[in-house]
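Some notes on the structure that comes next.
The values are calculated or read from the model by the stated rules, or taken from the named source; none is laboratory data. Computed from a prediction, not measured in an experiment: that's the story for all the values here. For neighbour counting, all protein chains shown are included, and Cβ atoms are generated from backbone atoms with ideal geometry for every residue, glycine included. We work out accessible area using only protein heavy atoms, side chains counted, and drop any ligands, DNA or RNA first. Shrake-Rupley method; radii C 1.70, N 1.55, O 1.52, S 1.80 Å.
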Amino acid sequence: MAKQISVFLENKAGRLSHVTRVLGEADINIRALSIADTSDFGILRIIVSDPEKAYKILKEAGFTVSETEVIAVQVPDSPGGLADVLEQMSEASLNIEYLYAFLGTTEKDALVIFKVEDFTKARNAFIEKGIKFLDETELYKL
Amino acid sequence: MSYWDIEKECMSRNELELLQTRRLKEAVYRMYAFVQPYKEKMDEAGIKPDDINSLADLKLLPFTTKKDLRDNYPFNLFAVPMGDVIRIHSSSGTTGKPTVVGYTRKDIDIWSELMARALCSAGASKRSVIQNAYGYGLFTGGLGVHYGAEKLGASVIPSSGGNTKRQIMLMQDFGTTVLTCTPSYALFMYEEMLEMGVKPEELQLKSGIFGAEPWSENMRKEIERCLQIDAYAIYGLSEIIGPGVAIECASKDGLHIAEDHFIVEVIDPITEEILSEGEQGELVISAVTKEALPMIRYRTGDLTVLNKETCACGRTHIRMQKVLGRSDDMVIIRGVNVFPSMVESVLLQIPGVEPHYLLVVDRQGTLDILEVQVEVSELVFSDEVRKLEELGAHIRRELESALGVAVKVRLVEPKFLERSEGKAKRVIDKRKL
């Protein structure tokens, strides 16, 4: 399990650079990032080195921010690796809200951030099927 | 129930109308003799002061508008020499020249008296600690409330507008019991309290007297719930005297107009026809006791409904409904009248949505487009696009059903909307009509 910071952004010039600058100035490193956008607004989702601090800093800067639980899954860094994981998740009928890739890797594996509908169910299924995932402290250190 | 001036506030309608008639006749004589531009208007309409013998004759007299004040900038409508004027106030003049108003010593006395009456009606007393967060300066709000609060004998904190953190500190340290400011600023203060970790229930605050901008019944509930106070509406405008023209009583069922000084009518803003009691229209006020700037039939641009029934509080003065919007704030979209207060009402009924919004009207080709920008608060924010889009669609459906016109809803970042610490700007009209 890990904490993702989600930020509401208006679709206009300079907003994304403003968020990233605020984080940079607070010495917070972005480890993974994805943006979901519509014609009017976007949602920035990030995994950072210090989520608590990031949440506080962004809130102070006037952004609408929330913390979201996600899972950082270790996916074999080889052809078909992600497909294997997704198939197993499908077998366990886990609904995925969204996913995106992490910038760093562990020794052998690539990392993919998953937001799932039901966390406990996902966690149990992963353990049962031997899918590896990182805990928070390991993730933020990467 | 306490009154400031029971004799005036509860006088019989008969007596009141006699007093009004006498004061009206006297004002018309003064205007005709000393206010050249108004004399010319009367001459043009073929009316002489002697033609005015009853309240029913009021309708013979020409209207005064904001344009008259601008055309006679700065002092040409004054009925006394400048030597008798002891105070000048002015509006901010966002649309051209500002409007300028003047007061003699007696005008200031009457204004203070009316403001003391208003504060008393809203439950304040000499034991109150009144924090006056209306802006001090050319705007009548600050000094108007201030003089009335001193007249009442309350302890006044002249905090003026702005510097919200300090406002809250004063509230805590000085034990403020009554807050006076605009309703939008009251909610802004509440947000700031939350951020500072100040709990409203730990303050001494008991009531708030809010005015200077239209606000809905739902916003009153919101303020009362958030700040845990009684919220009263006050009404006034500088052209007439300033705050204290009308005030709510404990019944919170309309604002009593100080009819011993002001004679009111409601007209159809387009046909200028006088409407009967209970019909919604533009409020027209005659300020008949003012010395420096008497006003006859001033078109306020404020839309309201009058109610003559005697109030549960015992006051006989006519009541006006809390202003439903300014006619210049009113947006007409494809023939439908839209008031910001209606949008606010709808937003407040959607859980988690805050009443921070902006109407943007534009014309694409020949079609008018109404966009309502709504701030996304943390309560409604989601990391999933689908949920935010559902929220936007929900707000849109609610607005469309309440307003009867197609609306585009745009979700925007909070506090991004220009939320001045005074009057909140609610409408941007980009149409070139």
## Note on the structure
Per the filter on the range A:111-141, residues under 13 Å from the mean Cα position of the chain (by Cα) and either exposed (fewer than 15 other Cβ atoms within 10 Å of the Cβ) or charged (D, E, K, R) (or both) are A:Lys115, A:Asp135, A:Glu136
### Task
Pick out, from the range B:289-369, the strands (runs of 3 or more DSSP E) lying fully within it that include 2 or more residues that are at pLDDT 85 or above.
B:295-304, B:357-364
### Query
Out of all the residues in the range A:19-49, which are part of a loop (DSSP other than H, G, I, E, B) and touching a helix residue (DSSP H, G or I) at 6+ places or on another chain (Cβ under 7 Å)?
A:Ala26, A:Ile28, A:Thr38, A:Ser49
### Query
If you scan the range B:385-408, which residues turn out to be more than 9 Å from chain A (Cβ to nearest Cβ), open to solvent by less than 70 Å² (accessible area, probe 1.4 Å) and closer than 20 Å to A:Ala36 by Cβ?
B:Leu391, B:Ala393, B:His394, B:Ile395
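Residue-by-condition table, conditions (1) buried (at least 20 other Cβ atoms within 10 Å of the Cβ); (2) modelled with pLDDT of 95 or more; (3) among the hydroxyl-bearing types (Ser, Thr, Tyr); (4) under 25 Å from B:Glu344 (Cβ atoms):
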position: B:Ser159; (1), (2), (3), (4): yes, yes, yes, no
position: B:Gln172; (1), (2), (3), (4): no, yes, no, no
position: B:Gly175; (1), (2), (3), (4): no, yes, no, no
position: B:Val178; (1), (2), (3), (4): yes, yes, no, yes
position: B:Tyr185; (1), (2), (3), (4): yes, no, yes, yes
position: B:Met189; (1), (2), (3), (4): yes, no, no, yes
position: B:Glu192; (1), (2), (3), (4): no, no, no, yes
position: B:Glu195; (1), (2), (3), (4): no, no, no, yes
### Summary
Of the residues in the range A:15-27, those that are within 12 Å of another protein chain (Cβ to nearest Cβ) and open to solvent by 10 Å² or more (accessible area, probe 1.4 Å) come to A:Arg15, A:His18
#### Entry: Within the range B:33-150, strands (runs of 3 or more DSSP E) holding 2 or more residues that are open to solvent by 10 Å² or more (accessible area, probe 1.4 Å) and out of contact with any His (no Cβ under 8 Å at 6 or more places or on another chain)
B:87-90
### Query
Any residue in the range A:88-101 that is within 14 Å of chain B (Cβ to nearest Cβ), farther than 24 Å from B:Val353 by Cα, without any contact (Cβ under 8 Å) to a residue 60 or more places away in the chain and under 10 Å from the mean Cα position of the chain (by Cα)?
yes
### Query
So B:Ala233 fits all but one of (1) touching a Phe, Trp or Tyr at 6+ places or on another chain (Cβ under 7 Å); (2) open to solvent by 40 Å² or more (accessible area, probe 1.4 Å); what number is the exception?
(2)
### Residue that is most open to solvent (accessible area, probe 1.4 Å), among those in the range B:2-32 that are in a helix (DSSP H, G or I) and of a type in the set (Asp, Glu)
B:Glu7
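Okay, residues lined up against (1) under 16 Å from B:Gly142 (Cα atoms); (2) without any contact (Cβ under 8 Å) to a residue 60 or more places away in the chain; (3) within 22 Å of the chain's Cα centre (by Cα):
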| site | (1), (2), (3) |
| --- | --- |
| B:Ala154 | yes, yes, no |
| B:Ser159 | yes, yes, yes |
| B:Gln167 | yes, yes, no |
| B:Met171 | no, yes, no |
| B:Thr182 | yes, no, yes |
| B:Tyr185 | yes, no, yes |
| B:Met189 | no, yes, yes |
| B:Gly208 | yes, yes, yes |
| B:Ser216 | no, no, yes |
## Note on the structure
In the range A:3-14, anything open to solvent by 50 Å² or more (accessible area, probe 1.4 Å) and at pLDDT 90 or above is listed as A:Lys3
### Message
Need pairs with beta-carbon distance below 6 Å; first residue touching a residue at least 12 places away in the same chain (Cβ under 8 Å) and within 10 Å of chain B (Cβ to nearest Cβ) and within the range A:28-45, second open to solvent by 20 Å² or more (accessible area, probe 1.4 Å) and assigned to a loop (DSSP other than H, G, I, E, B); sequence gap 6+ or separate chains.
### Response
A:Asp40/A:Asn11; A:Phe41/A:Asn11; A:Gly42/A:Asn11
### Message
So, A:Leu58, is that one hydrophobic (A, V, I, L, M, F, W, C), within 14 Å of chain B (Cβ to nearest Cβ) and open to solvent by 20 Å² or more (accessible area, probe 1.4 Å) or not?
### Response
no
### Task
Tell me which residues, restricted to the range B:345-384, are open to solvent by 30 Å² or more (accessible area, probe 1.4 Å), at the interface with chain A (Cβ under 10 Å from one of its Cβ atoms) and over 26 Å from the mean Cα position of the chain (by Cα).
B:Glu378, B:Leu379
### Task
Mind listing just one residue for me: the one in the range B:296-316 that is crowded, with 21+ Cβ neighbours inside 10 Å and free of Cβ contacts under 8 Å to residues at least 60 places away in the same chain and, of those, farthest from the chain's Cα centre (by Cα)?
B:Leu306
### Message
Anything in the range B:93-136 that is at pLDDT below 90 and in contact with a Leu (Cβ under 9 Å, 6 or more places away or on another chain)? List them, or say none.
### Response
B:Lys97, B:Pro98, B:Thr99
### Query
Just a yes or no: is a residue in the range A:72-82 more than 13 Å from chain B (Cβ to nearest Cβ) and part of a helix (DSSP H, G or I)?
yes
### Message
Any residue in the range A:120-134 that is outside the structural domain of A:Thr106 (by TED's automatic domain parsing) sitting within a Cβ distance under 6 Å of a residue that is open to solvent by 90 Å² or more (accessible area, probe 1.4 Å) and in a helix (DSSP H, G or I)? List the pairs, counting only those 6 or more apart or interchain.
### Response
none
